[in-house]
Amino acid sequence: MGEVTRRNFLKGALAVGAVGIAGTALTGCSNAEASASSDMPKSWDKEVDVLIVGAGSGLAAGVKAAEAGADVLIVEKSDHPGGFWMASGGGCTMGGNNIVQQRAGETDDNETWFEDEMFSCSYRGDADIMRTLVERGAETVQWMEDLGLKWGDLSQGFLRGKTKRGLWPVENPGVYVGGWGTGKNAGICWTQVWENRLNELGVPILLEHRMTKLYREVDGPVVGAEIETKDGITNIKAKKGVVVATGSWTDNDHMVKMYDPRAAGEFCYGDGGIPADGTMFNEETGDGQIAIDAIGGILTDMSYVSYLWIWFGQKSFWSWGEEPLDWRDNKGWERGKTLGTDAFFENGIVVQSEGKRYFNENLAKSGACFAGGSEEGAEAAVFDPDAAVAAMEALAGKGDHCENPEISEFTTKYLELPQPRNVWAIADASMAEAIKWPIEEMANPNPRTGSLLDPDCVAIADTLDELAEKTGLPADELKKTIETYNGYVESGVDEEFGRKLLPAKIETGPFYAARASLIRHTGRNGARVNSKSQVIDGTARLDSKVVSCNDEPVIPHLYACGECGNSLGYRRTHNSLGHYATAAMIAGENVAQEEPLQ
């Protein structure tokens with residue numbers, strides 16, 4: 001095997017969707033025999049009770065398995081533990097009369113919480129799994145507090161109704177860094193308390209170890225995994241089982257294109273952070289989903305890829321800061337600040353690859369986006385905040401509370417454009433100043449700090465001809481579009497799209513532009529599991545009778561959790577950390593109880 005450099009190692013992770021980790025991937029049919037006992041290693045380089053792949057939610061599974069007495073090993077492909085979890089905002093929506101709710105005097109119960117969760121996912125989540133997550137949710141909140149996580153004041157959360165279920169870690173110096181209210185993120189609070197406990201338990205975490213194959217006996221259990229390292233291949237036997245916690249697949253263009261071609265291609269980016277080419281930070285490449293599929297597992301509800309941000313001026317919405325990176329401290333963490341603000345959509349214009357406007361920019365305002373099930377509702381929301389609230393409530397379970405991006409006119413119109421979508425927001429000098437675009441940052445873009453502006457996504461020019469050259473737009477058409485728009489400003493009537501707010505012409509240089517990027521944020525769904533986090537066997541022959549997921553045959557000794565497992569169902573992406581932690585707890589507890597293989 002040739003030398004595996006850090007860059008090539010991670011770039012390889014992005015290519016697996018084309019051919020599959022085990023050479024057979026995502027075919028929609030049985031792959032179990034293709035990667036079963038015939039290619040088992042003749043010997044094992046290492047043997048453990050439990051192998052956990054991925055050091056995000058896998059950390060939680062590792063704690064539970066080790067506390068149950070298992071010999072646990074965690075492998076992680078990045079050069080730091082924490083996964084994408086550590087870079088997340090850190091909030092969760094958890095009910096069940098948990099300890100935080102009790103302290104706040106909030107009344108809640110499991111049945112109400114369950115119904116609100118099912119409503120949130122349009123009733124497309126697995127009810128048996130959701131009931132288990134709800135029934136054990138309050139326990140998870142208590143467990144995290146016992147490990148050292150300090151919960152802040154109760155907030156609303158991401159479900160319908162008035163019951164408060166929003167939980168956020170706050171700072172707890174000496175235990176972890178970050179926390180809500182510090183100006184930095186709180187995802188790292190979770191992962192650091194798990195790391196602290198794993199250190200106490202003596203559980204090793206091997207970094208830059210990427211799982212490339214699961215080994216399964218024909219029609220039998222998973223017995224181990226192939227791990228790629230900088231020094232070559234290592235085969236690890238897992239006598240009690242493997243827990244796959246490799247995260248999502250939003251950085252894998254090949255997989256995304258299979259399920260939603262609109263969200264893949266040029267100017268579309270994943271969740272991996274800056275730089276957006278996947279060579280650094282956290283790579284969400286679908287390794288676990290691909291490996292599970294290759295041995296007979298099945299994937300489910302994958303067509304809802306993720307929440308789809310459309311941001312102007314950036315390729316990513318988060319960064320860990322400038323080199324050298326310190327993964328033990330989040331002081332360099334930044335969340336991007338799109339130039340597509342409400343103020344811009346009231347003033348500027350957006351043009352597509354041909355230099356033409358293609359929708360009513362007012363409908364991209366935040367209130368209209370959430371309420372935009374219809375143009376009438378969206379327009380009402382632009383001018384009437386009460387109408388926006390009413391529209392969101394009317395669409396609850398279809399958009400706002402389950403984050404369906406296509407409910408907004410803005411996103412729908414963008415996705416309808418032919419690819420590549422070279423879409424730019426345009427403003428002139430007086431407009432850019434009025435809407436408070438960060439002119440200095442646009443002149444000196446740095447994707448690692450501040451607004452995370454990328455040099456490829458911003459342009460400044462003294463003339464429209466120069467702006468067209470820098471943005472790749474046809475100059476004649478761009479100038480014609482702006483001339484036409486300026487005429488609408490004079491007449492007060494947008495004859496093309498019926499835009500109401502027409503405050504100023506675009507006529508004074510320098511001219512500013514910010515390119516739109518589609519950012520696939522917070523993936524949803526993956527390997528089909530049951531309420532014990534066991535992976536369901538897609539090769540088993542079943543009759544047509546509908547049964548509970550808990551009655552379906554499983555791949556013995558194989559578990560999946562976090563974003564790799566299909567634990568939540570359709571659409572709701574944000575504030576899911578509590579459920580992922582619960583599923584990881586369950587995986588760790590159950591894998592530790594398996595009878596060991598000989």
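The values are calculated or read from the model by the stated rules, or taken from the named source; none is laboratory data. In this text, all values refer to a predicted model and were calculated from it rather than measured experimentally. A quick note on method: Cβ atoms are made from the backbone with ideal geometry, for glycine too, and the neighbour counts reach across all protein chains shown. To get the accessible areas, we keep the full protein, side chains included, count just its heavy atoms, and leave off ligands, DNA and RNA. Shrake-Rupley method; radii C 1.70, N 1.55, O 1.52, S 1.80 Å.
Some points to look at:
- If you go through the range 288-325 and keep only what is open to solvent by less than 10 Å² (accessible area, probe 1.4 Å), assigned to a strand (DSSP E or B) and farther than 25 Å from Cys564 by Cβ, you end up with just Phe312.
- Any hit, the range 193-212, residues being farther than 19 Å from Leu51 by Cβ and of a type in the set (A, V, I, L, M): yes
- Inclusion of Lys470 among residues that are of a type in the set (Lys, Arg) and at pLDDT 95 or above is warranted.
A quick yes/no check of all residues on (1) within 20 Å of Gly58 (Cβ to Cβ); (2) open to solvent by less than 10 Å² (accessible area, probe 1.4 Å); (3) among the polar types (S, T, N, Q); (4) assigned to a helix (DSSP H, G or I):
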residue	(1), (2), (3), (4)
Ile74	yes, yes, no, no
Ser78	yes, yes, yes, no
Gly82	yes, yes, no, no
Met86	yes, yes, no, yes
Gly90	yes, yes, no, no
Asn97	no, no, yes, no
Thr107	no, no, yes, no
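- Qualifying residue in the range 254-263 (condition: basic (Lys, Arg), in a loop (DSSP other than H, G, I, E, B), surrounded by fewer than 24 Cβ atoms within 10 Å (Cβ to Cβ) and out of contact with any His (no Cβ under 7 Å at 6 or more places or on another chain)): no
- Selection within the range 482-500 - at pLDDT 95 or above, touching a Phe, Trp or Tyr at 6+ places or on another chain (Cβ under 9 Å) and open to solvent by 50 Å² or more (accessible area, probe 1.4 Å): Glu495, Glu496, Phe497
- Verdict on Leu59 being touching a Pro at 6+ places or on another chain (Cβ under 9 Å) and closer than 21 Å to Ile227 by Cα: yes
- The range 208-248 holds strands (runs of 3 or more DSSP E) entirely within its bounds, and those carrying 1 or more residues that are touching a helix residue (DSSP H, G or I) at 6+ places or on another chain (Cβ under 7 Å) and open to solvent by less than 10 Å² (accessible area, probe 1.4 Å) map to 210-216, 232-244.
- Tyr512 vs. criteria buried (at least 19 other Cβ atoms within 10 Å of the Cβ), under 30 Å from Arg357 (Cα atoms) and not acidic (Asp, Glu): yes
- Some residue of the range 267-283 being in a strand (DSSP E or B), closer than 30 Å to Ala70 by Cα and open to solvent by less than 10 Å² (accessible area, probe 1.4 Å): no
- For the range 119-169, the set of residues classified as surrounded by fewer than 16 Cβ atoms within 10 Å (Cβ to Cβ), in a helix (DSSP H, G or I) and among the acidic types (Asp, Glu) consists of Asp128, Glu135, Glu139, Asp146, listed by residue number.
- Among the residues of the range 36-63, those identified as surrounded by fewer than 24 Cβ atoms within 10 Å (Cβ to Cβ), of a type outside the set (A, V, I, L, M, F, W, C) and not in a loop (DSSP other than H, G, I, E, B) are Ser37, Ser38, Asp39, Lys46, Glu47, Asp49.
- Where a residue in the range 423-450 is in contact (Cβ under 8 Å) with a residue 60 or more places away in the chain and among the acidic types (Asp, Glu) and its partner, wherever it lies, is open to solvent by less than 10 Å² (accessible area, probe 1.4 Å) and part of a loop (DSSP other than H, G, I, E, B), with Cβ under 6 Å and at least six apart: Asp428/Ile506
- Residue count for the range 491-520, restricted to those that are out of contact with any Leu (no Cβ under 9 Å at 6 or more places or on another chain) and over 28 Å from Asn444 (Cα atoms): 7
- Test: Ile292 is β-branched (Val, Ile, Thr) and touching a strand residue (DSSP E or B) at 6+ places or on another chain (Cβ under 6 Å): yes
- Against the test of being of a type outside the set (Val, Ile, Thr) and touching a Cys at 6+ places or on another chain (Cβ under 7 Å), the options Gly523, Gly578, Gly565 yield a single qualifying residue, Gly578.
- Just one of the listed residues (Gly82, Gly96, Gly105, Gly91) is farther than 21 Å from Ser533 by Cβ and under 26 Å from the mean Cα position of the chain (by Cα), namely Gly91.
- Strands (runs of 3 or more DSSP E) contained entirely in the range 479-598, each with at least 3 residues that are farther than 30 Å from Glu67 by Cβ and in contact (Cβ under 8 Å) with a residue 12 or more places away in the chain: 511-523
- Count - residues of the range 416-443 that are open to solvent by 60 Å² or more (accessible area, probe 1.4 Å), touching a helix residue (DSSP H, G or I) at 6+ places or on another chain (Cβ under 9 Å) and farther than 20 Å from Asn347 by Cα: 2
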